[in-house]
1. With a length cut of 20 Å (Cα positions projected on each helix's long axis) and a Kyte-Doolittle mean of at least 0.5, go through the chain and give me the DSSP H helices that pass.
2. Based on the Cα coordinates of segment 11-160, what is the per residue volume of their convex hull in Å³?
3. Largest first and to the nearest Å, give the Cα extent of segment 132-300 along each principal axis.
4. Per-residue ellipticity at 222 nm for the chain, helices alone: DSSP H runs ≥ 4 residues times -39500 (n - 2.57), over residue total, nearest 500 deg cm²/dmol?
5. Counting only other residues whose beta carbon sits under 12 Å from that of A181, what net charge do I get with K and R as +1, D and E as -1?
6. Once the piece of chain linking D330 and L21 is laid out straight, how much longer is it, given 0.36 nm per residue of separation minus the C-alpha distance between them?
7. Arrange the following residues from fewest to most other Cβ atoms within 10 Å of their Cβ: L19, L117, L63, L342.
8. How long are the three semi-axes of the equivalent ellipsoid of segment 1-72, in whole Å, if each is the root of 5 times an eigenvalue of the C-alpha gyration tensor, listed from largest down?
Amino acid sequence: MSARLNIVPFISVDHMMKLVLAIGVDRVLTDLAAYIEEDFRRWDSFDKTPRVASHSEAGVIELMPTSDGRLYGFKYVNGHPRNTRQGLQTVTAFGVLADVGSGYPMLLTEMTILTALRTAATSALAAQYLAPKGARTMAIIGNGAQAEFQALAFKALLGVDRLRLFDIDASASRKCLRNLAGLGFDITVCASGQEAVEGADIITTVTADKQNATILTDNMVGTGIHINAVGGDCPGKTELHRDILLRSDIFAEYTPQTRIEGEIQQLPPDHPVTELWQVITGQAPGRSSASQVTLFDSVGFAIEDFSALRYIRDKLPATGFFEELDLLADPDEPRDLFGMLLRAKAAAAA
């Protein structure tokens, strides 16, 4: 990478795909989980704030910032469920990693693909602490853009190799089945959510509609289950019946944000919740009994994006999948920014 501070490495979508494929999807998911776990172990080092959200009837646009005092990262991300009707992605994102000492950005990257990877890696990391021991069967309810990443992360980190798929749009399940063919899964496409959860050790809900929905009802969830609730991620958007929450041990990333956006927005503000970093550091128990129902109320948090940005930057020198972006003005004399314009004018006229 260039030593010139005004030149910023930029990772396009094409570069991100090449980088991920060169390393291997399973390896990237495993590596991302390790980076996230490392950063969660130093939780107190980070600035923490609920993401800054601008909501509209059509969706939400959010900024997700954090810093560990040495590096600063943020992600721009949207969530627009109706975009698929126009052939657009529901979620898109890009991110920046910067040096706190100078304020100069060190990386600009696409994060649509990277967010899908880090979300799945976080889900599987949480499940390592919360899922039943030896879990191999997972139901995935909602088979859109995130589903394959979730399946691959759970296989890479936990050995889950039996999938039970359901989506109200059967073509989404067929797409998921087709994409995962030959990757070591035993896959059953189901006709209902109820059928999908039968025999499952882990239930992942990852739907897109921006509304209070009931994807899982209490009678669908037996004892000893781990629920990976990914779809609820903004005010007024939930997937689980409240009764499930009341008999589950609930784990979250950053509780002040999750109470606004997650499944626990349905509960009183003092309902007990354990943060995942507390489990990872041994300050709180994860799964403590075979009959326990555990719920990871995942809405995504800025530290996970910071970890992903840090990981990608570490991989750039060896892969070379980036381009140099002339992003920052760099006059010969830092105080003479206008003179830089005059010199450019003279050069153009020559």
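Readers should treat all values here as calculations from the given coordinates under stated rules, not as data from a laboratory. None of the values given here were measured: they were computed from a predicted structure. Ideal geometry is used to build each Cβ from the backbone, glycine not excepted, and the neighbour counts take in all protein chains shown.
1. Within the chain the helices that satisfy the rule are 112-130.
2. Measuring per residue, one finds 136 Å³ for the Cα hull of segment 11-160.
3. Cα spread of segment 132-300 along its principal axes, largest to smallest: 44, 33, 27 Å.
4. After summing the helix terms and dividing by residue count, I get -10500 deg cm²/dmol.
5. For residues surrounding A181, the net value is +1.
6. So the extension gain works out to 107.8 nm.
7. L342, L63, L19, L117
8. Semi-axes from the Cα gyration tensor: 25, 20, 18 Å.
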